[in-house]
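Report on the structure given below.
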Amino acid sequence: MRVGIFGGTFDPPHMGHLAIADAARQQLELDEVLFVPSNRNPLKATKSASAKDRLEMVRRAISGHQHFAVSDIEIARGGPSYAYDTVSELVYIRPAEYWWILGSDSLKTFEQWRQPDKLSRLCRLAVAVRPPTTLRDVQDRTSDWLKPRIDWLVLPPSEASSTDIRLRIQANKPVANLMPSTVLDYIQERKLYRN
Ligand code: ATP
């Protein structure tokens, strides 16, 4: 089994996330991409929808995608969410070859994550370049020890961002093309991101 773990806040999930998951699945020949909404990202303070709502939005975003699944492993664990804890747990309960999927903005902070060296031996990293940076810039900034542990995903750069979507909703700007309609329906039903 080859499994990609896609960790994130998913507040809310957007088309950029789905494109990355799709590219990872195809390019790394993954059997599954497992979306793992964090309970709390220790390096990211802003979060506005509840864990339950973020989990449900991911569920809706991936419904109909045969090779995508969602796990509440970090939400159920509670507290701050560390990729190292999550991958260690998954390797134990469900042995497979794992990749941690992330954007290049997250890769920048990788060495501040819990046990980055051990984590990079438990799983490879699958990185999507996120504008405004370029592949060349990211590669130049990546530590030499980490480079051999990375698979670079090839996909059109996407400006999609959850922060931008939350701001657009507050400002009553259109967001329909930025996320699956199932997610937008849920946001409207639950009146999320309005205040
Ligand atoms: P925010 O805009 O609020 O920071 P986000 O759009 O980055 O949120 P997250 O759920 O935090 O959404 O992202 C999960 C993962 O997906 C992170 O590793 C992030 O780097 C990556 N990611 C999200 N959007 C993109 C994008 N447009 N291009 C590349 N990577 C992305």
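The values are calculated or read from the model by the stated rules, or taken from the named source; none is laboratory data. These figures come from a predicted structure and were not determined experimentally. For neighbour counting, all protein chains shown are included, and Cβ atoms are generated from backbone atoms with ideal geometry for every residue, glycine included.
In this structure, is Pro42 at pLDDT below 95 and in contact with a Phe, Trp or Tyr (Cβ under 8 Å, 6 or more places away or on another chain)? Taking the combined requirement at face value, the residue satisfies it. Out of all the residues in region 27-44, is one or more loosely packed, with under 15 Cβ neighbours inside 10 Å, of a type in the set (A, V, I, L, M) and free of Cβ contacts under 8 Å to residues at least 12 places away in the same chain? Taking every residue of region 27-44 in turn, none turns out to be loosely packed, with under 15 Cβ neighbours inside 10 Å, of a type in the set (A, V, I, L, M) and free of Cβ contacts under 8 Å to residues at least 12 places away in the same chain.
When residues in region 138-160 are screened for being touching a residue at least 24 places away in the same chain (Cβ under 8 Å), away from the ligand (no atom under 15 Å from the Cβ) and not in a loop (DSSP other than H, G, I, E, B), 1 of them pass. When each of Asp185, Asp140 is tested for being under 22 Å from Ser50 (Cα atoms), surrounded by fewer than 13 Cβ atoms within 10 Å (Cβ to Cβ) and among the charged types (D, E, K, R), the lone residue that passes is Asp185. Of the residues making up region 59-80, those that are within 16 Å of the ligand (Cβ to nearest atom), assigned to a loop (DSSP other than H, G, I, E, B) and more than 20 Å from Ala24 (Cβ to Cβ) are Asp72, Pro80. When Thr163, Thr182 are checked against the criterion of being more than 10 Å from the ligand (Cβ to nearest atom), assigned to a helix (DSSP H, G or I) and of a type in the set (S, T, N, Q), a single residue qualifies: Thr182.
Criterion first (over 24 Å from Gln112 (Cβ atoms) and of a type in the set (Phe, Trp, Tyr)) does Tyr84 satisfy it?
So Tyr84 does not fit the description; no.
Counting the residues of region 1-29 that are near the ligand (Cβ under 7 Å from one of its atoms), part of a helix (DSSP H, G or I) and either under 19 Å from Lys52 (Cβ atoms) or polar (S, T, N, Q) (or both) gives 1. Considering only residues that are touching a Pro at 6+ places or on another chain (Cβ under 9 Å) and hydrophobic (A, V, I, L, M, F, W, C), look in region 1-26 and name the one that is surrounded by the most Cβ atoms within 10 Å (Cβ to Cβ). Only one residue tops the list, namely Phe10.
A quick yes/no check of all residues on (1) closer than 19 Å to Ile20 by Cα; (2) at pLDDT below 95; (3) in contact with a strand residue (DSSP E or B) (Cβ under 7 Å, 6 or more places away or on another chain):
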{"position": "Glu74", "(1), (2), (3)": "no, no, yes"}
{"position": "Tyr98", "(1), (2), (3)": "yes, no, yes"}
{"position": "Leu119", "(1), (2), (3)": "no, no, no"}
{"position": "Trp152", "(1), (2), (3)": "yes, no, yes"}
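Within region 91-106, the set of residues being near the ligand (Cβ under 7 Å from one of its atoms), of a type outside the set (A, V, I, L, M, F, W, C) and in a strand (DSSP E or B) comprises Gly103 only.
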